[in-house]
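Enquirer: The structure under discussion is supplied below as structure tokens; questions concerning it will follow.
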Amino acid sequence: QVQLAESGGGLVQAGGSLRLSCAASGRTFSNNHMGWFRQAPGKEREFVAAINRSGGTTDYVDSVKSRSTISRENGENTVYLQMNSLKPEDTAIYYCAATRNLNWRSGAAYDSWGQGTQVTVSS
């Protein structure tokens, strides 16, 4: 497994930006596809974005696609999620996760999860 630790969450006004970071240790980071998920109160966990091992392929849920960028620095064992034009509906706990499975939109495909970082967007 990979040990993951998210950071960068916080309280931001609607229209603002945040960059979430996820630092990895353990299993070779560059062997893993990485994903970001979120869970809002009372809702199911939702796929947000994913990036493949090399960083050459990315995938986003439609609701964030035009406002977000996922990236990774394999030399620093870190994956990022830049989110712009934040909306109150983006409020959630954001989790990063690691997988070797190509079915990266499914949470069940991931075998390593971080503890999450809270993002709160005020209107």
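The values are calculated or read from the model by the stated rules, or taken from the named source; none is laboratory data. Only a predicted model underlies this, so the values are computations on that prediction, with no experimental measurement involved. Glycine also receives a Cβ, built like all others from the backbone with ideal geometry; neighbour counts cover every protein chain displayed. Heads up: the accessible areas ignore ligands, DNA and RNA and are worked out on the full protein's heavy atoms, side chains in. Shrake-Rupley method; radii C 1.70, N 1.55, O 1.52, S 1.80 Å.
Enquirer: On the protein heavy atoms, probe 1.4 angstrom, tell me the percent of accessible surface of the chain carried by carbon and sulfur.
Expert: Details: 2570 of 6050 Å².
The computed percentage sits at 42.
Enquirer: Using a Förster distance of 35 Å, how high is the FRET efficiency between residue 44 and residue 74, based on the Cβ-Cβ distance and rounded to 0.05?
Expert: On the way: r = 31 Å, r/R0 = 0.88.
Given R0 = 35 Å and the Cβ-Cβ separation, E is 0.70.
Enquirer: Out of the DSSP beta bridges found with both residues in the chain, what percent are antiparallel (nearest 5)?
Expert: Here the share of antiparallel DSSP bridges comes out near 90 percent.
Enquirer: Sorted by average packing, counted as other Cβ atoms within 10 angstrom per residue and highest first, what order do 103-113, 46-56, 28-38 take?
Expert: Answer by packing, highest mean first, reads 28-38, 46-56, 103-113.
Enquirer: Using a basic spin-label model with each label point 7 Å from the Cα along Cα→Cβ, how many nm lie between residue 101 and residue 123?
Expert: Using points 7 Å along Cα→Cβ, the separation is 3.7 nm.
Enquirer: Can you compute the charge dipole magnitude of the chain about its Cα centre, using +1 on each Lys and Arg Cβ and -1 on each Asp and Glu Cβ, nothing else charged? Give it in debye, rounded to the nearest 20.
Expert: 120
Enquirer: Right, next: How much length is gained on full extension from residue 13 to residue 57, taking 0.36 nm per residue of separation minus their Cα-Cα distance?
Expert: 12.8 nm
Enquirer: Hey, another quick one. Quick one: Karplus J couplings for the range 100-110, per residue in order, coefficients 6.51, -1.76, 1.60, θ = phi - 60°, nearest Hz, x for Gly and Pro?
Expert: These are the phi-based 3J(HN,Hα) values: 9, 9, 7, 7, 6, 7, 9, x, 5, 7, 9 Hz.
Enquirer: What figure, in Å² to the nearest 10, do you get for the accessible area of residue 59 with a 1.4 Å probe and non-protein molecules left out?
Expert: Taking all protein chains as shown, residue 59 has close to 30 Å².
Enquirer: Say the dipole of the range 47-123 comes from +1 at the beta carbon of Lys and Arg and -1 at that of Asp and Glu; which of 112, 79, 52 then lies farthest toward its positive end?
Expert: Most positive-ward Cα: 52.
Enquirer: Same structure, new question: For residue 63, what accessible surface area do you get with a 1.4 Å probe? Give it in Å², rounded to 10.
Expert: Approximately 60 Å² for this residue.
Enquirer: Per residue, how much accessible surface does the chain expose to a 1.4 Å probe? Answer in Å², no decimals. Before the final figure, lay out the partial values.
Expert: Details: 6050 Å² over 123 residues.
Ligands and nucleic acids excluded, the result is 49 Å² per residue.
Enquirer: Which value in nm describes the separation of the simple spin-label points at residue 66 and residue 31, placed 7 Å from the Cα toward the beta carbon?
Expert: Spacing of the two 7 Å Cα→Cβ label points: 4.1 nm.
Enquirer: With θ set to phi - 60°, apply the Karplus curve 6.51 cos²θ - 1.76 cosθ + 1.60 along the range 77-93 and write out the HN-Hα couplings as whole Hz, x wherever there is a Gly or Pro.
Expert: Result, ordered by residue: 6, 9, 10, 10, 9, 8, 10, 10, 6, 5, 10, x, 6, 7, 4, 4, 8 Hz.
Enquirer: Compute the Cα gyration tensor for the range 53-108, then decide on rounded, prolate or oblate, letting a ≥ b ≥ c be the square roots of its eigenvalues: rounded whenever a/c is under 1.5, prolate when a/b is larger than b/c in the other cases, and oblate in all that remain.
Expert: Prolate, since a/c reaches 1.5 and a/b exceeds b/c.
Enquirer: Under the rule of at least 5 residues apart or a separate chain, name every residue whose amide H is placed under 5 Å from the amide H of residue 104.
Expert: Result for residue 104 returns nothing.
Enquirer: Just to check I understand the Karplus step: with θ = phi - 60° and J = 6.51 cos²θ - 1.76 cosθ + 1.60, what whole-Hz values come out for the range 19-25, glycine and proline as x?
Expert: Per-residue couplings from phi come out as 10, 8, 10, 9, 8, 10, 8 Hz.
Enquirer: Taking a ≥ b ≥ c as the square roots of the eigenvalues of the Cα gyration tensor of the range 3-123, is the shape rounded (a/c under 1.5), prolate (a/b larger than b/c) or oblate?
Expert: Taking the square roots of the gyration eigenvalues as a ≥ b ≥ c, the range 3-123 is prolate.
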